Structure formats: structure tokens, C-alpha cells
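Got a structure for you, written out below as C-alpha cells; questions coming shortly.
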Amino acid sequence: MADTPHILRDTVATRAGMDGVPFGKMARALGTTERIVEDVDGRHAPEHLRDVVEGRELAAGLSSGRHAGPMAAPDS
């Protein structure tokens, strides 16, 4: 599979998230909004991963009636 601009952008976003780069800085570098970075690439951030490991995200998703995972039901 050849590298495409999307794959390269996704790799940069993933690595930046894993390195703890602030979402605002990532958004400026990627030419998008902080909200999009948080929603799409934020899952790689150390804080998010820590919350998942400690079960806080699952508990928060269940208590709000929302689940952020790939099998989530669409919002009504």
C-alpha cells in the first residue's frame, strides 16, 4: 500500500497525540480545529489512555448514556 497524504497526516496526528502534544498545537499544525483533533485523534493522548485503563471513560460513557467507541449507537 502506498503512503497517501491522509495516512501521513494520520500518522503525524497519532504520534503527536502519543507524545502529549496539546490539541491546540496539533490543530494548528494539521490545519483543523481543536475539537476535531480531540474527537478524532485524542484517543492517543496519554491522559485519555490513562482514563481508559483506569476505567473512568467507560464509567463516564455509561453514566451519560453515551459510548465513544466504534460500536456506539448514533446520537438521536
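The values are calculated or read from the model by the stated rules, or taken from the named source; none is laboratory data. It should be emphasised that the depicted structure is a prediction, and the values quoted were computed from it without experimental measurement. When we count neighbours, we look across all protein chains shown, and the Cβ atoms used for this are built from the backbone with ideal geometry, even at glycine.
Of the numbered conditions (1) at pLDDT 80 or above; (2) in a helix (DSSP H, G or I); (3) of a type in the set (S, T, Y), S63 satisfies every one except a single condition; which is it?
(1)
Next question. What is the residue count in segment 24-33 for residues that are surrounded by 15 or more Cβ atoms within 10 Å (Cβ to Cβ) and farther than 21 Å from P5 by Cβ?
The number of residues fulfilling the criteria is 0.
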